[in-house]
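The values are calculated or read from the model by the stated rules, or taken from the named source; none is laboratory data. These numbers were taken from a predicted model, which means no experiment stands behind them. Heads up, the Cβs are rebuilt from the backbone with ideal geometry, glycines too, and the neighbour counts pull from every protein chain shown. Note: accessible area is taken over every heavy atom of the protein model, side chains too, but ligands, DNA and RNA are not part of it. Shrake-Rupley method; radii C 1.70, N 1.55, O 1.52, S 1.80 Å.
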Amino acid sequence: MRSVNYIAKNNLTLLHCGAEFFPALVAAMDAATAEIYLETYIFATDGIGDAVKAALKRAAARGVTVHLITDWHGTGRRQVNQLKLEFNDSGVHHRSFNPWFRRGVARSHRKICVVDRRIAFVGGLNINDDLLSDDMSYRPLAAPRWDFAVMLSGPLVDVIQREVEAQWARLGKLDLVSRFELYKELRATRKIMSHDPALAALVVRDNLRNRRTIQRAYLRAMGSARKSVLLANPYFAPGRKLRNALASAAARGVDVTLLIGVGQFRLQDSVAHSFYPKLLKSGVKVVEYRKTQLHAKVAVVDDVWATVGSSNCDGLSLFVNQEANIVAKDAAFAKILRQKIQHGIAEGVPVRIEDFANIVWFKRVWYGISYMIYKSIMRVITLGSYT
């Protein structure tokens, strides 16, 4: 089991929604003098996509080396082809992840940017307008999509730089020997342990060296929780271990609150609903966020441990896709994130155990069927790992 490698003396800034994230991202790109690496699941054809595209082109025109990775499925085949055409003419280097599912079903769901090896962004925001739905319907949202990213500087940027460089190399034409050497290099990443303030780490999930690293980071934090656990996630369908960790924490007196985004996918909502009775009976507080799309994947434990990233608490993120989270042991950062989550909870709708006692029988049956369908699909995709 790979441990989380915390590194001290980092500067962490929480960015809430696109209004804070995109201006900071574009400003960093406009200040770039050497190189930019950008990874995203979705690179949309909208005003935000155009603004980021223009910033990348401006950087390339100044002589900055620009590398862009987009997921072939998340961005869409037509948009990926259009980006390649546009960027080839402007000097931006572009690669897409797993076109036509040639390397299986896994997607790159990561959202990472590193500029000049001095500043990095990691979080849940894609390159798209957060006032439009991200499910291909492009329907207007009642409020900006609820999401977060972290802007950081300090020693951890070097770790993130190595990760994005390796991802870029893997998507190129590497022979088997070169791929194995790259794997060994990442595997041997040096440990820099410290107990100074502003401890932070990059935690990634892939299907080779970090198969369950993000889930284990969650499990360790919840397993050591003594006061509180706040978890916000849009597509809640984790395996049994994570659900049991939430219930166990609540059973030993920890104040556990789960903020779940609903209203985007009916089947996903039904799967989440199938977990509600056991969670509520164990003492977990469940709140549904209905104001707009909740896309954040964040948590705070005991006002000390916090995480922000791309990984949902579902089968795809925890067992299939490539993901990236920042985890931090920093009271000041955790306090700010906690306040944001609590504000979201205040805007949400609490779910009571009585609500489910009065639901008509066929809805309860449908929730169970939905979970069985989801579980069966996930077990096939994950070769039995989703439990």
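A simple packing score, the average count of other Cβ atoms within 10 Å per residue, orders the peptides 309-319, 367-377, 13-23 as 309-319, 13-23, 367-377, with the highest score first.
Largest accessible area first, the residues 211, 103 order themselves as 103, 211 under a 1.4 Å probe with ligands, DNA and RNA left out. Counting only Cβ charges, +1 for Lys and Arg and -1 for Asp and Glu, the dipole size of segment 3-64 around its Cα centre is about 200 debye.
Arrange the residues 151, 378 by how much accessible surface each exposes, largest first, with a 1.4 angstrom probe.
I get 151, 378, largest accessible area first.
When the charge dipole of segment 48-145 is built from unit charges on Cβ atoms (+1 for Lys and Arg, -1 for Asp and Glu) and taken about the Cα centre, the candidate among 61, 105, 76 whose Cα reaches farthest toward its positive end is 105.
In terms of its C-alpha gyration tensor, segment 239-304 comes out oblate, because a/c is 1.5 or above while a/b does not outweigh b/c. Extension gain, residue 282 to residue 5: 0.36 nm times the residue separation minus the Cα-Cα distance gives 96.5 nm. For segment 251-387, the fraction of C-alpha pairs farther apart than 21 angstrom is 50 percent.
Between the C-alpha center of segment 1-69 and that of segment 362-386 there is a gap of 36 Å.
What's the extension gain from residue 142 to residue 255 if we count 0.36 nm per residue and subtract their Cα-Cα distance?
Result for the pair: 37.6 nm of gain on full extension.
Amide H contacts of residue 256 (H built 1.01 Å from N, in plane; Pro and chain starts excluded): 229, 285 sit under 5 Å, all sequence-distant by 5 or more or on other chains. Ligands, DNA and RNA aside, residue 115 has an accessible area near 0 Å² when probed at 1.4 Å.
Considering the zone a paramagnetic label at residue 65 would reach in this model (a point 7 Å from Cα along the Cα-to-Cβ line), which residues of segment 25-59 have amide N under 12 Å from it? Hits in segment 25-59 for residue 65 at 12 Å: 34-37. Using a ≥ b ≥ c from the Cα gyration tensor of segment 56-119 (square roots of the eigenvalues), is it rounded, prolate or oblate, where a/c under 1.5 gives rounded and otherwise the larger of a/b and b/c decides, a/b for prolate? Because a/c hits 1.5 or more and a/b fails to exceed b/c, segment 56-119 counts as oblate. Does segment 202-270 come out rounded, prolate or oblate by the C-alpha gyration tensor, with a ≥ b ≥ c the root eigenvalues, rounded set by a/c under 1.5 and, if not, prolate when a/b is larger than b/c and oblate if not? Verdict is oblate for segment 202-270.
Residue 91: net charge of surrounding residues, Cβ under 15 Å, Lys/Arg +1, Asp/Glu -1, itself excluded?
Its environment carries a net charge of +3.
Accessible surface of residue 333, taken over heavy atoms with a 1.4 Å probe and every protein chain present, rounds to 10 Å². One quarter of the surface of the convex hull around the alpha-carbon atoms of the chain equals 18.3 nm², the direction-averaged projected area. Modelled this way, with points 7 Å down the Cα-to-C-beta line, the labels at residue 347 and residue 24 are 1.8 nm from one another. With the simple model of a label 7 Å out from the Cα in the direction of the Cβ, residue 244 to residue 117 spans 4.5 nm. Taking the helices alone, the chain has a mean residue ellipticity at 222 nm of -13000 deg cm²/dmol, built from -39,500 (n - 2.57) per DSSP H run of at least 4 residues and averaged over all its residues. Ordered from largest to smallest accessible area (heavy atoms of protein chains, 1.4 Å probe), the residues 361, 146, 366 come out as 361, 366, 146.
With every protein chain left in place, what is the accessible area per residue of segment 1-87 in square angstrom, probe 1.4 Å? Don't skip to the end; give the middle numbers.
On the way: 3440 Å² over 87 residues.
Here the residues of segment 1-87 average 40 Å² of exposed surface.
Assuming a viscosity of 0.890 mPa s and a temperature of 25 °C, what translational diffusion coefficient in µm² per second does Stokes-Einstein assign to segment 1-154, Rh being the Kirkwood radius over Cα pairs? Value of D from the Cα-based Kirkwood radius: 152 µm²/s. Modelled label positions at residue 266 and residue 165, each set 7 Å beyond Cα in the direction of Cβ, lie 5.0 nm from each other. Under the criterion of Cα pairs below 8 Å and six or more residues apart, the relative contact order for the chain equals 19 percent.
When both bridge partners sit in the chain, DSSP labels roughly 60% of those beta bridges antiparallel.
Per residue, the average separation of C-alpha pairs within less than 8 Å and at least 6 apart gives segment 77-132 a relative contact order of 18 percent.
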